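Working notes for the structure below.
The values are calculated or read from the model by the stated rules, or taken from the named source; none is laboratory data. As the structure is a prediction and not an experimental result, all values here were calculated from the model. Glycine gets a Cβ as well: all are built from the backbone with ideal geometry, and neighbour counts include every protein chain shown.
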Amino acid sequence: MVEDGEIVEARILLDHLVRAGSVITARLKRAGLPAVAESEGQEYLLPKGAPGITQGAEMAIEVTRERIPGAEPWKRPLARVTDATRAAAPTPHAVDLPFPSPEDRLGAAGWNDLIDEARSGIVRFAGGELQISATPAMTLIDVDGQLPAEELALSGATGAASSIRRLDIGGSIGIDLPTVAGKAQRQAIAERIDAALPQPFERTAVNGFGFLQIVRPRLRASLIELAVDRAAFEARVLLRRVALERTGATQLVASPAITRLLEDRSDWLDALARQVGGAIGLRAEPSLPISGAYAEGL
């Protein structure tokens, strides 16, 4: 979502995941609370169970949270039993951008900066910065900077709320702000969160130590969590950049982790070959950092 020429919300939809909101046919693998259903080799956890359905029977389920890749590969997607018929997840109203294209409209809106934020977990604002870390329990946002404490807390609260929206962060979120004395000052900080972060969400008050917790619906992995799966994340970054910048036969030079992944995704390389109009080669370079991949003539 782009407003006034800047990205305010972003999602990356992985091509092999069943999206939240999809209704699919599944088989009840285990009854009880929680129940477990299976569809096309993927298990789904049903926290509310599957009342009235016999183990082994087919049923319709709605995916309520996608599988979270990266740091927690064991975490199964969530779903619930539904009477709805099989259907894909609803698609938000959007403008399709031709790709590749001579005009990189996403790049002009700040896509590359967004990717750097997801990769590093660092978001800068005037007078300070946020450091965002994904943990198994929650996403933590630390606010730091050189401004006076109250001013830094106010600016940091606005920046944190905007980054939660921009980086698609859901679930439990903790924000560690500078300690500010006075109930009125802490309330003003909380109001900055309310003004910058669209509903639905719930939050606590800012406590005396400057900590505030937010809970938002968690439908899928945030961009921060997707970046934890570094090889896949950096491979996608590389392919997009090459498709926009090069024409003709091209060799991709990257860390071995990326080249191994791309060797297994011949469909990605075939698509890139069509986009650049030439053959695609791979060369592993162990000395390169995982974010240092580049392209050269073949």
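When residues of segment 249-289 are filtered for being closer than 20 Å to Asp229 by Cβ, of a type in the set (Gly, Ala, Ser) and in a strand (DSSP E or B), how many remain?
Number satisfying all stated conditions: 2.
If we keep just the residues of segment 91-106 that are within 18 Å of the chain's Cα centre (by Cα) and of a type outside the set (Ser, Thr, Tyr), which is nearest to Gly21 (Cα to Cα)?
This residue is Pro92.
Criterion first (at pLDDT below 90 and more than 30 Å from Leu272 (Cβ to Cβ)) does Ala35 satisfy it?
Criteria not met by Ala35.
Just for segment 58-86: of the residues that are among the small types (Gly, Ala, Ser) and either modelled with pLDDT of 80 or more or surrounded by 15 or more Cβ atoms within 10 Å (Cβ to Cβ) (or both), which one is nearest to the chain's Cα centre (by Cα)?
Only one residue fits best here, namely Gly70.
Return the residue satisfying two criteria in turn: it lies in segment 125-142 and is touching a residue at least 40 places away in the same chain (Cβ under 8 Å) and of a type in the set (Val, Ile, Thr), and of such residues it is nearest to Ala160 (Cα to Cα).
Looking at the filtered set, the residue picked out is Ile132.
Among the residues of segment 23-50, what is the count of those that are in contact (Cβ under 8 Å) with a residue 24 or more places away in the chain, among the hydrophobic types (A, V, I, L, M, F, W, C) and part of a loop (DSSP other than H, G, I, E, B)?
2
Taking Arg124 and the conditions (1) modelled with pLDDT of 95 or more; (2) more than 21 Å from the chain's Cα centre (by Cα), which numbered condition does it fall short on, given that it satisfies the others?
The failed condition is (2).
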